[in-house]
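The structure appears below as structure tokens.
The values are calculated or read from the model by the stated rules, or taken from the named source; none is laboratory data. These numbers were taken from a predicted model, which means no experiment stands behind them. Because the Cβ atoms are built from the backbone with ideal geometry, glycine has one as well, and the counts that use them run over all protein chains shown.
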């Protein structure tokens, strides 16, 4: 093995990715609002409003995603599509301006994605069973998703 001389000069990173998790009310959102401005928040939690003073003097953009009272695959697909567009826009803009993008709360986003995907499978299976019944066949059992 050969020794290689390395530079010891510090270079400011051009990109920093941070994931913060913890119990409710432990300061995760407060911490996120101290990130470099502009800050783009994908808001699934509705918890930023009481602590907004943490971001005083910063440029703050918030996209709030309202969940419907009743679950439907189409309404959740619409939320996911809106988030994907907003995420792409925020990432591009924040990258050009050395800003930050925050998902508050990512666990809620993943719940929406999971329920949407599971709902799509259930709807597809229900459609297949309808076709089987109209053809005079037994409906398929859906034991894995019950």
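Of all positions in segment 6-23, none carries a residue that is in a loop (DSSP other than H, G, I, E, B) and under 26 Å from residue 121 (Cβ atoms). Exactly one residue out of 96, 129 is without any contact (Cβ under 8 Å) to a residue 24 or more places away in the chain, closer than 25 Å to residue 32 by Cβ and in a helix (DSSP H, G or I): that is 96. Within segment 89-109, the residues that satisfy the criterion of being surrounded by fewer than 16 Cβ atoms within 10 Å (Cβ to Cβ) and either over 12 Å from the mean Cα position of the chain (by Cα) or over 14 Å from residue 42 (Cβ atoms) (or both) are 89, 91, 92, 93, 95, 96, 97, 98. Candidates are the residues of segment 22-52 that are farther than 25 Å from residue 97 by Cα and free of Cβ contacts under 8 Å to residues at least 40 places away in the same chain; the one that is nearest to the chain's Cα centre (by Cα) is 46.
What do you reckon, is residue 145 outside any helix (DSSP H, G or I), at pLDDT below 90 and surrounded by 11 or more Cβ atoms within 10 Å (Cβ to Cβ)? In short, no. Restricting segment 67-88 to residues that are more than 13 Å from the chain's Cα centre (by Cα) and free of Cβ contacts under 8 Å to residues at least 24 places away in the same chain leaves a set whose member that is surrounded by the most Cβ atoms within 10 Å (Cβ to Cβ) is 75.
Considering only segment 18-38, I want to know if a residue exists there that is within 15 Å of residue 104 (Cβ to Cβ), modelled with pLDDT under 85 and touching a strand residue (DSSP E or B) at 6+ places or on another chain (Cβ under 6 Å). No.
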